[in-house]
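The values are calculated or read from the model by the stated rules, or taken from the named source; none is laboratory data. Please read these numbers as outputs of a predicted model, since none were measured by experiment. Please note: Cβ atoms are built from the backbone with ideal geometry, for glycine as well, and neighbour counts cover all protein chains shown.
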Amino acid sequence: MISKKMEHMVANSSAIRAMFEEGNRLAKLYGKENVYDFSLGNPNVPAPEAVKQAILDILSEEDPVVLHGYTNSNAGYEDVRQAVADSLNERFHTAFSAKNITMTVGAAGGLNVILKSLLNPGDEVIVFAPYFGEYRSYTNNYDGVLVEISPNTVDFQPKLDEFEAKITPKTKAVIVNTPNNPTGVVYSEDTIRRMAAILEAKQKEYGTDIYLISDEPYRELAYDGVEVPYLTKYYANTIVGYSYSKSLSLPGERIGYLVIPDEAADSEALISAANVATRILGFVNAPTLQQKVVKYCLNEKTDISFYDRNREALYNGLKELGFECIKPEGAFYLFVKSPVADEKAFCAAAKKYNILIVPGSSFGCPGYVRLAYCVSYETIIHSLPKFAELAGEYDR
Ligand code: PLP
């Protein structure tokens with residue numbers, strides 16, 4: 001007998017698994033090259049060559065007992081954390097040191113560690129639709145309550161009036177994700193300033209601390225030189241959750257970090273809690289080899305020109321066919337308005353052309369669909385005539 005909570009989770013995750021299996025089934029039937037699978041956010045640009053070299057160098061240079069051992073602190077190797085802090089200070093003119101950095105098992109691990117550290121049962125976590133659906137599961141893991149702000153479908157910047165109205169004395173955390181999955185939108189500096197002012201005022205009004213959690217696995221995937229504000233500079237109670245899954249194309253290696261700045265309320269207690277949470281959630285510490293890889297590759301970048309070319313081709317191609325979408329400024333997703341209100345019916349129609357896309361209701365935003373363009377350029381180009389046929393079903 002599995003737990004009631006897990007029964008619910010298993011039922012909910014079947015849709016994603018079904019999509020994955022459908023992709024495999026179609027590939028077997030029609031050949032992989034004739035299936036246009038835009039469903040998964042799995043990077044298809046290989047990790048930089050420097051990552052491989054770093055692994056070889058680390059294996060030959062580092063003491064294997066230390067390299068493959070538990071780390072002294074559950075937060076990770078001191079030298080790695082100091083190197084991450086130095087790199088952030090150089091880039092964003094911050095003043096972090098090793099103690100402010102907790103190495104994590106990707107962004108997902110980091111979010112679980114910080115929510116475990118912060119939430120009492122019934123505490124509220126605010127998210128802005130459309131949002132990464134796992135935020136609901138992570139909040140639920142610690143008996144928090146997810147509070148959704150409805151989507152602003154004009155430009156997908158967060159709706160700040162509704163945000164202000166929905167903050168309560170129980171609001172413990174707010175999660176923002178910019179560049180955003182699933183819209184590709186980057187929250188502007190103006191948005192961040194106004195959000196910070198609202199949070200400051202509400203903290204004062206209620207006498208509480210509200211933590212802004214910046215989930216930023218897509219920070220380095222930003223196009224046309226768009227600025228992605230570094231949130232700790234705008235609001236003291238900011239926690240940053242970073243990941244190398246997309247920035248170095250290492251999603252399976254499970255490596256990232258949390259930044260808990262000194263300026264955050266109860267910073268020392270929170271840092272200790274994150275340490276213990278890393279241990280008792282069963283991570284114990286982030287993968288040690290990958291921690292060292294991060295240190296060796298702090299200045300490495302994935303080749304985003306590949307995603308950029310896909311972005312242009314897919315956005316322009318779909319616009320020409322009459323689909324409505326805003327041009328993504330970051331990440332590798334395009335959020336497209338469904339030509340019919342029931343976007344699940346639209347996803348089903350797309351499948352007839354071997355096009356796999358994800359319904360917006362998975363992100364709290366029905367009426368839209370998400371396309372992940374971390375696919376080959378050929379997939380995009382060959383999918384466009386299929387999208388044309390699909391669009392034809394709605395021309396009347
Ligand atoms: N947050 C967002 C918005 C994501 O899109 C993802 C993965 O796709 C994650 C977190 C989890 O990433 P990681 O692989 O670093 O755990």
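Listed here are the helices (runs of 4 or more DSSP H) enclosed by the range 1-104 that have at least 3 residues being closer than 23 Å to residue 273 by Cβ and of a type outside the set (A, V, I, L, M): 78-92. Does residue 153 satisfy the condition of being out of contact with any Lys or Arg (no Cβ under 6 Å at 6 or more places or on another chain), in a loop (DSSP other than H, G, I, E, B) and polar (S, T, N, Q)? When the stated conditions are applied, residue 153 passes them. Restricting the range 234-256 to residues that are assigned to a strand (DSSP E or B) and near the ligand (Cβ under 8 Å from one of its atoms), the residue that is farthest from the chain's Cα centre (by Cα) is 256.
For every residue, the table says whether it meets (1) touching a residue at least 60 places away in the same chain (Cβ under 8 Å); (2) basic (Lys, Arg).
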| position | (1), (2) |
| --- | --- |
| 305 | no, no |
| 335 | yes, no |
| 344 | no, yes |
| 360 | yes, no |
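Exactly one residue among 371, 356 is in contact with an Asp or Glu (Cβ under 6 Å, 6 or more places away or on another chain), of a type in the set (A, V, I, L, M) and either surrounded by 15 or more Cβ atoms within 10 Å (Cβ to Cβ) or touching a residue at least 24 places away in the same chain (Cβ under 8 Å) (or both), and that residue is 356.
Screening 161, 143 for residues that are surrounded by fewer than 21 Cβ atoms within 10 Å (Cβ to Cβ), of a type outside the set (Gly, Ala, Ser) and closer than 22 Å to residue 112 by Cβ leaves exactly one candidate, 143. Which of the following residues is among the aromatic types (Phe, Trp, Tyr) and more than 25 Å from the chain's Cα centre (by Cα): 368, 353? Within the list 368, 353, the selection yields 353. If only residues of the range 211-243 that are free of Cβ contacts under 8 Å to residues at least 60 places away in the same chain and of a type in the set (Ser, Thr, Tyr) are counted, the one that is surrounded by the fewest Cβ atoms within 10 Å (Cβ to Cβ) is 234.
Yes/no matrix, rows are residues, columns are (1) surrounded by fewer than 14 Cβ atoms within 10 Å (Cβ to Cβ); (2) aromatic (Phe, Trp, Tyr):
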residue	(1), (2)
51	no, no
57	no, no
64	yes, no
67	no, no
72	yes, no
77	no, yes
82	no, no
85	no, no
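Considering the range 309-326, the residues that are touching a residue at least 24 places away in the same chain (Cβ under 8 Å) and of a type in the set (D, E, K, R) include one that is nearest to residue 216 (Cα to Cα), namely 311. So is residue 156 hydrophobic (A, V, I, L, M, F, W, C) and more than 16 Å from the ligand (Cβ to nearest atom) or not? No; evaluated as a whole, the condition is false for this residue. The single condition from (1) away from the ligand (no atom under 14 Å from the Cβ); (2) assigned by TED's automatic domain parsing to the domain that holds residue 168 that residue 215 fails is (1).
Mind listing whichever residues of the range 202-228 are of a type outside the set (Gly, Ala, Ser) and not in a loop (DSSP other than H, G, I, E, B)? Within the range 202-228, 202, 203, 204, 205, 206, 211, 212, 213, 215 qualify.
In the range 193-201 there is no residue that is under 30 Å from residue 374 (Cα atoms) and either out of contact with any strand residue (DSSP E or B) (no Cβ under 6 Å at 6 or more places or on another chain) or part of a helix (DSSP H, G or I) (or both).
Let's see how each residue does on (1) at positive phi; (2) part of a helix (DSSP H, G or I); (3) not assigned by TED's automatic domain parsing to the domain that holds residue 155:
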{"position": "269", "(1), (2), (3)": "no, yes, no"}
{"position": "276", "(1), (2), (3)": "no, yes, no"}
{"position": "283", "(1), (2), (3)": "no, no, no"}
{"position": "291", "(1), (2), (3)": "no, yes, no"}
{"position": "308", "(1), (2), (3)": "no, yes, yes"}
{"position": "312", "(1), (2), (3)": "no, yes, yes"}
{"position": "323", "(1), (2), (3)": "no, no, yes"}
{"position": "336", "(1), (2), (3)": "no, no, yes"}
{"position": "340", "(1), (2), (3)": "no, no, yes"}
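Filtering the range 337-353 to residues that are surrounded by fewer than 14 Cβ atoms within 10 Å (Cβ to Cβ) and not small (Gly, Ala, Ser) leaves 340, 342, 352. Comparison of 102, 71 shows that the only residue that is under 14 Å from residue 292 (Cβ atoms) and either touching a residue at least 12 places away in the same chain (Cβ under 8 Å) or assigned by TED's automatic domain parsing to the domain that holds residue 235 (or both) is 71.
Total residues in the range 120-150 satisfying the condition of being away from the ligand (no atom under 16 Å from the Cβ) and either under 19 Å from residue 283 (Cα atoms) or of a type in the set (Asp, Glu) (or both): the figure is 4.
Every residue, every condition in (1) polar (S, T, N, Q); (2) within 27 Å of residue 286 (Cα to Cα), yes or no:
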{"site": "4", "(1), (2)": "no, no"}
{"site": "28", "(1), (2)": "no, no"}
{"site": "42", "(1), (2)": "yes, yes"}
{"site": "56", "(1), (2)": "no, yes"}
{"site": "67", "(1), (2)": "no, yes"}
{"site": "70", "(1), (2)": "no, yes"}
{"site": "75", "(1), (2)": "no, yes"}
{"site": "96", "(1), (2)": "no, yes"}
{"site": "106", "(1), (2)": "no, yes"}
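Pairs meeting the criteria (first residue in the range 164-184 and within 30 Å of residue 247 (Cα to Cα), second residue surrounded by fewer than 24 Cβ atoms within 10 Å (Cβ to Cβ) and basic (Lys, Arg), beta carbons under 8 Å, at least 6 apart or on different chains) are 179/219; 184/327.
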